[in-house]
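Coordinate-derived values only; no laboratory data. All figures in this text were calculated on a predicted structure; none of them were measured in a lab. Note that each Cβ is placed from the backbone with ideal geometry, even for glycine, and that neighbours are counted across all protein chains shown.
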2 protein chains.
Amino acid sequence: MSVSPSITDDQAIELADMFRLLGDPSRLRVVLTCLGAPICVSDIATLTRLSPSLVSHHLRLLRAARILRAERLGKQVFYTLADHHVRCTITDMVAHVAEPAETIDTDAADVNVAA
Amino acid sequence: MSVSPSITDDQAIELADMFRLLGDPSRLRVVLTCLGAPICVSDIATLTRLSPSLVSHHLRLLRAARILRAERLGKQVFYTLADHHVRCTITDMVAHVAEPAETIDTDAADVNVAA
DNA sequence: TCGTCATATGAACAGATCTTCAACTATGAG
DNA sequence: CTCATAGTTGAAGATCTGTTCATATGACGA
């Protein structure tokens, strides 16, 4: 039984799981760092000002959730968004919250539960 | 100093905060329940199969984060998404994760590191 | 007023989570 | 082989968070 139109409870759990991973400031910063070109662990650590160990722990979770993908190149391991869909999803979410609301109107005036 | 192109650390924290709230399955289901018409607490509790008390606790957090908005009507209190921007944001995020990935390919096939 | 329904709130507990530290593996250079 | 660099992993601890239970508040009807 779905709790809302057009989404199953299972999907809700999957959705919550992604949100939970992105819900930690440190981990989110790690993900944001990977939005551009593939980047190695020590660079992520430097940019985010987090310890390499902590970054690695976060990366493991993000990898397990298939949000990030790893690729070894010599001694270093480079991380990137797992695929195009994940990149779209995260980019859009970031844009939504970062922007002060732009294309708003379409149905701005509707159901208003009486006073 | 921003950790990624086009987003400040403050925005990242704000973003993480929203994700964190949406990252709990129960709380997410509460939010999803409010996507449609304004709905009262006991109905949310029924639909989500959560105790009224727990629902109320979650609603308080969601209200504080300005994700939901409350409106009293007699003995009942109805909840809705706080504003159109929040509705867009959440609707889009749900759509992104709910859909089985649409425009995927472009870079789907490539190296696989992990041994 | 009293009683009841609808919500809200506070305390308390169990379980999860972030972070650190130390130790470990893997790769490449000399 | 030995060493240094890059990353990973596990244990441990402090903190946070979700949930429940009991109690309180607010609103309406009798």
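Before moving on, here are some points about what is shown:
- For the range A:41-59, filtering for residues that are assigned to a helix (DSSP H, G or I) and more than 11 Å from chain B (Cβ to nearest Cβ) leaves 12.
- Subset of the range B:71-82 that is more than 8 Å from chain A (Cβ to nearest Cβ) and surrounded by 15 or more Cβ atoms within 10 Å (Cβ to Cβ) - its residue that is nearest to DNA strand D (Cβ to nearest atom): B:VAL77
One line per residue, one yes/no per condition, for (1) touching a residue at least 40 places away in the same chain (Cβ under 8 Å); (2) buried (at least 20 other Cβ atoms within 10 Å of the Cβ); (3) within 12 Å of DNA strand C (Cβ to nearest atom):
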site: B:SER26; (1), (2), (3): no, no, no
site: B:VAL30; (1), (2), (3): no, yes, yes
site: B:VAL41; (1), (2), (3): no, no, yes
site: B:ARG60; (1), (2), (3): no, no, yes
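- Note on the range A:16-45: residues that are near DNA strand D (Cβ under 9 Å from one of its atoms) and of a type in the set (Ser, Thr, Tyr) amount to 1.
- Residues that are within 15 Å of the chain's Cα centre (by Cα), more than 17 Å from B:THR80 (Cα to Cα), within 7 Å of chain A (Cβ to nearest Cβ) and not in a loop (DSSP other than H, G, I, E, B) occur in the range B:20-40; there is at least one.
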